[in-house]
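I have placed the structure first, in the form of structure tokens, so that the comments after it can refer back to it.
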Amino acid sequence: MGISFDTFLFLFPEAILVVTAAAIYVLGAAGLSRARWMPVAFSALLLAAWCAIRQPTDLAVGEAVLVDGLGQGIRWVAILVGALFVIMSGREEGHQLTGEIFGSLLLIVVGTMLVGLAGDLVLLFLALELISIPTYVLLFLGSPGRASVEATTKYFFLSIFSSCMLLYGFSLLYGLAGSTSLAQIYGTLAAGQLAVGEVGQSLLTPLAFVMILAGIGFKIAAVPFHFYAPDVYQGTTSLNAGILAVFPKIAGMVALMRLILVMSPVLGFWSWQTVMLLSLLTMTLGNVAALWQTNIRRLLAYSSIAHTGYMLMGLVVALFSSRDVSADEGFSAMLLYLVVYAIASIGTFAALGWLADSQGVVDRVSSLAGIGFRRPAAAACVAIFMFSLAGIPPLAGFWGKFFLFWNTISLGLSASFSSMSFCFIILAVVGVLNAAIGMGYYLRIIAIMYFPAEEAEQKQIHSSPYWGSALAMLICAALVLAVGIGPGRLMRETRDMARSAWIERAAEENSDAGVLISRSFTSTK
Amino acid sequence: MGNNQTIQALIVLISALPLAAAVLTAVLGPRWLRRWSHVPALVAIFVSFLCSLGLIQQIRSDDAGTVSVGFEEICTLWTWASVEDAYTQESDSSTTSGETTTQETHDFTIDVTLRADALTSAMLAMVTFVSFLVVFFAAGYMRDDPGYWRFFSYVALFVFSMTMLVSVSNLLLLYVFWEAVGVCSYLLIGFWYQKSSAAAAGKKAFLVNRVGDFGFALALLLIWSTYGTLNFHDTPAGPDSDASGYAASPTLDTDHELRGILGQTRLQDDDFAGGAVGTAICLLLLIGACGKSAQFPLHVWLPDAMEGPTPVSALIHAATMVTAGVYMVVRFSPLFLAAPAALVVVAAIGGFTALLAGLIALTQNDLKRVLAYSTISQLGFMFLAVGTGSLAGITAGMFHLLTHAFFKALLFLGAGSVMHAMGNVIDMRQFGGLRRLMPITHWTFLIGCLALSGIFPLAGFWSKDAVLGAVHDKIHELEHQQQESEFSAGQPSTAAVMLVSEASRPDATHQEPSPASFLKIYKLLYWVAVAAAFLTAFYTGRAYFMTFWGPLRIPQEAGNHAHESPFVMTIPLSVLALCAAVVGVAFVGLDFERPLAEQLQTNYFAEYIAGTPSLACDMVQATTAPGGFHFSVAALSTFVALAGIGLSGFFYLRCRKDVEWWTALASSWGVYQLSFRKFFIDEVYTLLIVLPLQFVASVCYWFDNCLIDGLVNFCGRIPVWCGGVLRSLQMGFVPFYAMFMVLGMLVLIAARMLWAGG
């Protein structure tokens, strides 16, 4: 059970980050201030990125690690997002200065990278845990006080519970296929050579899928598993809330995508119906609940829930059309949305971290009143992020929504699925309607920044002297604008990512006798 | 091809200049320009106006050769987004014959393209002209406002967005600028954000528009799915194709060409989606148009938008932005013609809105709100005209759009002038008899009122008459069809044959609507429109008499300096008054060679607009042609207009006491309250939409706070409890230690076994 040298070489960027994280944890006790650790963490990320570029392409990597476009793409996304968070966390107004935050951050980045690369159930689970466990530490480090401890406790217990469900699902999947390797599982499922009988399959497949969905549903804050999000976001710092809003969502979506591709031969029509129900519930509840929130981080928590709902639309499309290449379109739209959402979210939380009132942090929506004129740069950036999240045309978020909705509606209209088309048209209509509802609270934030009511108390918001948050905010704003004006590059990348994840399977499929069986199975559903 | 280059340069300049002005004002305004912030916008928009006149001249000169297909000139600026093999689509060879479904990969490209055609150039000229006058006016009106530069920067940005909106040749870009004008409108309604009502009105306008955009967005997705493109024009496939992109002649190899939604080849083949999808597309587009143009279910934002500065009301909420919905329906009229059911809905919504808004306007006391409801009502007229689906109706709608822009901008600016003098009081009950005090405002306002009421020979008369005439023609046409079908129904064998042929027809694209069902609707709508015309005259007269007649009354807010507005404000009023007076007559051509009844057969504006490619195609040209002047209709509309003004004069001029008697009578029936409270539509929305959402939100809140917190708090106690247990373990319960040792051993053995097995 040794790891081949090539595999190690392939995972070298991850190894660098883990070693750096360990060093920061150990040496952090020596009391070096947080600001000093920032360059260390940042250069570790740069080094990892450099290694990832210079990597030889002809490595004989073990089966546990997948070398495909999706993995590489997620690797880059994780490094980029990680770098933005590292810049942001150099210093934070009114919070303890601890070095460990960088160690945790780097581990979370590694976890996200590994989720993209994992080709084995065990590695996938470990990678997801590598995101969860440092998050507990981060939440605890966030800020002293009852609210923070409560938030940490809630997240801790519920996260463990979700991991249990996920693990249970994985074990059922293992039981079905008799292997933990994703490629082998796919081969077995596609060939119909299940370890259990026909009855066992019909019982266990849904159970496995639901368990996996529940476990990952917690990480991406999909509706019945979302309850922690508002409380935890509210109880912690802007930085932590940003980390929670981005990393688990990227990892969870990618993991779900991988598992769906693997399980596609045995997933029946119930699977897309389940996900569709989740999607409808998630976006509607997220948007409606966000409408009247007064705490800004709580509002953004509901907004992030709603965005999960939109992303699930892409998954529904992919699940339904898993038999043909239009599954790519569902996945690529979802990935595009994921990246675009991540940028805008990071920017929003960076802006909130940069602004601070006399009590230290911006908590209430109303404390943003009038910053449009006193902090024009921050307000302009926040407005860009809000418009992008709402999906107003020339910005990045518009393209995400555009392709998600378009995929859904064109699936609904395509002649060959006429009996089911109704569902997809409903889904698209509800999605677009939700985008209109969502505008309500995004506009509230913009309105309060630029059109403060006279009677509202205008707190003296000052910006924190730390430049890092401002820099991250500006970078994100520039990215949102750039993707909005020239979406071609990112669209091409996400499309290639989605296709590569599929083509790997297709290549195996061709070499396998399972082609015919899987086709005939799926066409009867 | 020097002509093409001129056109391309002009169409780019028209939009680019206001954008440059907006940026310049935003950058230089606060520091250097200050009091002169209006200059960049004023100059840029004026040059844009000249350019659009030049554009019209170019198109007219080119028009002669290509009357049969209309004239269009496409100008591709750059490629916005381009991804090759972006998506696969089950493509049909054409939308009407969907047997061959093959998976094809398509590239995804969005070109930033502008188009020059008759419709666009007419809209551009109108927008830039009115904008120029409004900016001129605002230079005086906004003089002492602290946000002087901000105002002109926003206005220039709006003019840029609006000119782009009417000149882009891609549906996605149309959507982009559709949103952009919405954002500008939001910024300008909430310009005086210190007033909480202004900020709320801006938000309401934006959100209601988002509901409309929901329809537009879905329509956009549906169109892309159905037509496979978002371009209006045909896109040549190869780079070696004619660079001008001008496809007037059916090109040799149409296979290599991506057919636009409104491209020449599609127009000639008459290849538009009908049936359920076609109707759905049109209805969704209509929702979008209703949002922007404030039609019935979504009209609630426009009256509130009057919280913005008055020049904004004149420019955005009377003349330009609100007509974008009409422009869109006209632009897509071939799609609507392919879906007759949607067309009837357009007409019905227009007619109903015209009546409803007219009824509400009767009792409003806020001068600007009367004008706002009047705008909604007149937009209803335009929708009604376009909803007839005949060339006569569509051109009549556009004609009314043009004349309305002049006289309604005039009325709003007049109201602004009154407001300026009255210390920002706009309640008509607080002032009166201003005709001596403000003579220029009075006379120009009077011209506007008469034009709005439709009194001969002012602009409103001609356009309103064209609208009513178009509906009248439509009724004739439908009656004619009904007689024909009755005639053929008399022969049973023919009917059977028709049934068979109906069923066997492969495409249901041009299934004729059953005339009988629509005939009643259009007949009703005709009388609704006549009633609305009466109401128009009445509330216009009411506003005029209450403001300018009776004893002189000036509110306290005006102080002692109530005066006629300065020249910078009265000059635009005079220019607009001149336009409102002559713009109708100017386009009417007398043809003395014909008999008297047909002398007014031509309308130059309608002829010009009919040169737009989407109107010049056969399917539109086959419908009733414009220009038919009906003396009976004209007599009827003049009669009701005079009756409305006369009645309002009777109530509000001669014996003002009767007003109370009249309102007492009306309120005893509850009618007055119904109109005064705007038919309780806002309240209904609160009840049906806001409250349920609030309820769901509060349920979520309760769920979060009580149920989940309780659960989590319960979980939170577990560690404390566990800690207690662990402490008790540490206290020295030997049996426990022993048990854990055994357990640990078992775990180790298990691990060992697994290790060996693995």
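What follows is calculated from the coordinates using simple rules that are stated; it is not laboratory data. Everything numeric in this text was worked out from a predicted model, so none of it was measured. Using ideal geometry, Cβ is built from the backbone for each residue, glycine included, and neighbour counts are taken over all protein chains shown.
Data for the structure
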{"item": "Long-range HN-HN contacts of residue B:258 with modeled amide H, under 5 Å", "result": "B:235, B:237"}
{"item": "3J(HN,Hα) from dihedral phi, region A:364-380, Karplus parametrisation 6.51/-1.76/1.60, rounded to Hz, x for glycine, proline", "result": "9, 4, 5, 6, 7, 3, x, 5, x, 9, 9, 10, x, 5, 4, 5, 4"}
{"item": "Signed unit charges on C-beta, dipole axis of region A:269-486, positive-most listed residue A:339, A:381, A:286", "result": "A:381"}
{"item": "Residue-count net charge about residue A:337 - beta-carbon cut-off 14 Å; Lys, Arg +1, Asp, Glu -1", "result": "+1"}
{"item": "Net charge dipole size for region A:269-486 [Lys, Arg +1 and Asp, Glu -1 on Cβ; Debye, nearest 20]", "result": "180"}
{"item": "Prolate/oblate/rounded call for region B:280-420, Cα gyration tensor, a/c under 1.5 rounded", "result": "prolate"}
{"item": "Exceeding the 31 Å Cα-Cα cut-off - candidates A:401/B:368; B:292/B:464; B:292/B:523; A:219/B:204", "result": "A:401/B:368; A:219/B:204"}
{"item": "For region B:680-687, 3J(HN,Hα) per residue [Karplus equation, 6.51 cos²θ - 1.76 cosθ + 1.60, θ = phi - 60°, Hz, x = Gly/Pro]", "result": "6, 5, 4, 5, 4, 4, 4, 5"}
{"item": "5 angstrom amide H check on residue A:118, placed H, neighbours 5+ away", "result": "A:66"}
{"item": "5 angstrom amide H check on residue B:170, placed H, neighbours 5+ away", "result": "B:232"}
{"item": "Residue B:50-residue B:702 FRET efficiency (beta carbon distance; Förster radius 51 Å; 0.05 resolution)", "result": "0.20"}
{"item": "Cα shape, region A:269-486, gyration tensor, a/c 1.5 rule", "result": "prolate"}
{"item": "Anisotropy class of region A:242-295 from Cα gyration tensor, a/c 1.5 cut", "result": "oblate"}
